[in-house]
Amino acid sequence: MRLIEKVWFQGHKAKWLLIPLLLPLSFLFWLISKLRRIGFTIGLSKSVKLNKPVIVVGNIGVGGNGKTPVVIYLVELTRSLGLTPGVISRGYGGQAAHYPYLVTEHSTPVEAGDEPVLINKRCQVPVAVGSDRIASAELLISQGCDIIISDDGLQHYRLQRDLELIIVDGKRLFGNGLLLPAGPLREGKWRLSHCDLVIYNGKAEQNKLTQKPTISNKQANIASLHMSLTATQLCNLATQKKLSIVDFIKLHGKSDVNAIAGIGAPQRFFDTLNANKITIIKQKSFVDHHSFTVTDFSEFNDKTPLLMTEKDAVKCQAFCKNNWWYLPVDAEFSDIEKQMITDKINPLVIQNTPS
């Protein structure tokens, strides 16, 4: 973990030096964000309403909070409700020849970014990437999509939305509660009271830096859900063979593995392996969206299975070895919470029904 992240989330002793230095920049960040929001509120900046409904899945902080599993969950849910979803994404790290870029089965993470490729492969759903989310959404609508799911883009106020879901890391919560760069927040905790659903990824824990926000009068009608990420099987990168975790352990005669993770919260992946009785001999973390090369794996023993996240796997396919595996995860909700999400989406189904 980088020093600044330790300051944000763990209260590292360097905070006494770094936070006072960064607070003026955080104030500037707040001022610019505030003026930008005011611009959209009073009409100085124009927002666009599409002719199809839009669901935004976002977060108020930096780093991986679990948005992608929620996007995948919504793709499957909206399909089950009779809709034809499409996903738009910024495509972080991608370098496509043109934008908006429509992801295909032949697209690479170099072109489209890792998460768009993952979503397209997992769900077989149309995905468009580009910084202009309106252009990306219109491209998908022209392809026959009748509901747009935005992977991130909570702060992209130019695009009007019908439903907002904010994802919060249940372990890290809001760190020290400060705005960038003194803290990890893009917007203050006040933003939670202006969305439709707040989803905590994992059980919300007491945080030594900041507590889970108390529910104000404004938030009284904002439902808070708790999501867990479940993993039941492993997939081989080279052969695409799938094994249950139990069968994987039986096949190898033991559960000892090496593991890597290049996501926003790598320890969550390692903890998931441990929770499934898989013992990690050696683990290595990389920054989120890391562009992997074969040299990143030179320190690992080829005889020991190497496990990684599904997001990392899409970037390692070209040079993978036969004993490299990835762990797909799925968002899981209680039956009551599933119904709460469905109830939020049902009006959008009616909106798409011809009169």
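The values are calculated or read from the model by the stated rules, or taken from the named source; none is laboratory data. Fair warning: this is a prediction, and the values are worked out from it, not measured in the lab. So basically every Cβ, Gly included, is an ideal-geometry build from the backbone, and we count neighbours across all protein chains shown.
Yes/no per residue for (1) surrounded by fewer than 17 Cβ atoms within 10 Å (Cβ to Cβ); (2) modelled with pLDDT of 70 or more; (3) under 15 Å from Pro305 (Cβ atoms):
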{"position": "Glu205", "(1), (2), (3)": "yes, no, no"}
{"position": "Gln219", "(1), (2), (3)": "no, no, no"}
{"position": "Leu234", "(1), (2), (3)": "no, yes, yes"}
{"position": "Ile278", "(1), (2), (3)": "no, yes, yes"}
{"position": "Ile281", "(1), (2), (3)": "yes, yes, yes"}
{"position": "Val287", "(1), (2), (3)": "yes, yes, no"}
inquiry  = Need the failing condition index for Gln155 against (1) part of a strand (DSSP E or B); (2) in contact with an Asp or Glu (Cβ under 7 Å, 6 or more places away or on another chain), just the number.
reply    = (1)
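To keep it simple, each residue is scored yes or no on (1) of a type in the set (Phe, Trp, Tyr); (2) part of a helix (DSSP H, G or I); (3) in contact with a helix residue (DSSP H, G or I) (Cβ under 7 Å, 6 or more places away or on another chain).
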{"site": "Ile249", "(1), (2), (3)": "no, yes, no"}
{"site": "Ile260", "(1), (2), (3)": "no, no, yes"}
{"site": "Phe269", "(1), (2), (3)": "yes, yes, no"}
{"site": "Ser291", "(1), (2), (3)": "no, no, no"}
{"site": "Thr295", "(1), (2), (3)": "no, yes, no"}
ask   = Within region 39-59, can one find any residue that is surrounded by fewer than 12 Cβ atoms within 10 Å (Cβ to Cβ), part of a helix (DSSP H, G or I) and not assigned by TED's automatic domain parsing to the domain that holds Cys195?
value = yes
task = Mind listing just one residue for me: the one in region 176-199 that is in contact with a Leu (Cβ under 6 Å, 6 or more places away or on another chain) and either acidic (Asp, Glu) or in a loop (DSSP other than H, G, I, E, B) (or both) and, of those, surrounded by the most Cβ atoms within 10 Å (Cβ to Cβ)?
result = Ala182
remark   = Condition set in contact with a Lys or Arg (Cβ under 9 Å, 6 or more places away or on another chain) and over 15 Å from Leu118 (Cβ atoms), scope region 62-80, selection modelled with the lowest pLDDT: answer is Gly63
